[in-house]
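For reference, the structure is listed below as structure tokens.
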Amino acid sequence: IRAKAKIQAKRMVEKMKRIRKKFIASMCLLIAFVLWTLVIRFVDVRAIGPQGSSVGFAGVNGFVHTLIGVHFSLYNITDWLGLVPIFVCMGFGILGLVQWVKRKSIGKVDYDILVLGGFYIVTIAVYLFFESVVINYRPVLINGFLEASYPSSTTMLVTCVMPAAIMQLESRIKNKVIGNIVAAIIIVFTAFMVIGRLLSGVHWFTDIIGGALLSAGLVMLYHSVA
């Protein structure tokens, strides 16, 4: 019994160390996002956008935008596919609701589902924050209007929701082969959305980087808590 207790204690200590490392990594990524945002806000800020709108890292952003151009067909495709992570959120939300009803207590809902719900709320709050606090505008007009561009909301949504979905499905899909196939499909989809959003030309290059940094920090934070 003592030997088993020692083994369990050792495993618990190792687990706490891993969680601590993930939490520290999440904080580092979020701090990197804040620093990246400050750099964009104050370094090489020039009015190179439509209607005289300014953007930081103007040299790099202007070069990449000119190199890539604008492809509204790709923009529309990634825009519509942006509904996929929303449906994923709805799916896990329904799962949590079903557990709540069946078990007759929200406290009996799976812990990782509750944490996932909190993660979704934080993601939405961050999205709304950057819709109201504009760091810069898009390099093109959308339906004749300037829209907030930083961080790329589609990039952030996809790279927040889909990796978290992989973590959820990893423990819920018992067949490893099917689980690996599903994970691979999600990874390919996520990569397509991020690259497609960049190549569409409706965001500055720094918007995509900012969205990826922010979501990486949030996902790692979710992972450490869950």
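Things worth noting here:
- Cα gyration tensor category, rounded, prolate or oblate, for region 3-127 with a/c compared to 1.5: oblate
- Neighbour count of at most 12 Cβ within 10 Å plus DSSP loop: longest trypsin sites (Lys or Arg not before Pro)-free window in the chain: 1-103
- Selection from A25, I121, I1, by position along the positive dipole direction of the chain (Cβ): I1
- Rounded to the nearest Hz, the phi-derived 3J(HN,Hα) couplings of region 208-214 under the Karplus curve 6.51 cos²θ - 1.76 cosθ + 1.60 (θ = phi - 60°) are 5, 4, x, x, 5, 5, 4, where x marks glycine and proline.
- Folded to 0 to 90 degrees: helix 72-81 orientation relative to the chain principal axis, Cα: 20
- Dipole of region 1-62, positive end: most advanced residue of A47, G62, V34 [Cβ charges, Cα centre]: V34
- Whole-Å distance, taken between Cα centres, linking region 21-49 and region 73-106: 29
- Charged neighbours of W100, selected by a Cβ distance under 13 Å, balance to +3 (K, R count +1; D, E count -1).
- Length added when fully stretched, V43-A148, from 0.36 nm per residue minus Cα-Cα: 35.9 nm
- Probe 1.4 Å - accessible area at D79, Å² to nearest ten: 70
- Over all other residues within a Cβ to Cβ distance under 12 Å of V109, the charged ones net out to +2, with Lys and Arg as +1 and Asp and Glu as -1.
- When the solvent-accessible area of region 71-131 is split by element, carbon and sulfur atoms take up 76 percent of it, the probe being 1.4 Å.
- Note, ³J(HN,Hα) from phi for region 191-205, Karplus 6.51, -1.76, 1.60, rounded to Hz, x at Gly and Pro: 4, 4, 5, 5, 5, x, 5, 5, 6, 5, x, 8, 10, 6, 4
- Computed with a 1.4 Å probe over protein heavy atoms only, the accessible surface of the chain comes to 58 Å² per residue.
- Across region 146-156, computed HN-Hα scalar couplings (Karplus, 6.51 cos²θ - 1.76 cosθ + 1.60, θ = phi - 60°) run 7, 10, 4, 10, 10, x, 4, 5, 5, 4, 5 Hz from first to last residue, x flagging Gly and Pro.
- Principal-axis tilt of helix 111-132 within the chain, Cα atoms, nearest 10 degrees: 10
- The H on the amide N of I142, modeled in the peptide plane, is under 5 Å from the matching H of E147, each at least 5 residues off or on a different chain.
- The residue list P151, M90, I106 was ranked by how far each Cα lies along the charge dipole of region 48-182 toward its positive end, using unit charges on Cβ atoms, and I106 comes out on top.
The values are calculated or read from the model by the stated rules, or taken from the named source; none is laboratory data. Predicted model only: the values in this text are computed from it and were never measured. We place every Cβ from the backbone using ideal geometry, glycine too, and count neighbours over all the protein chains shown. For the accessible areas, the whole protein counts, side chains as well, though only heavy atoms, and no ligand, DNA or RNA atoms are used. Shrake-Rupley method; radii C 1.70, N 1.55, O 1.52, S 1.80 Å.
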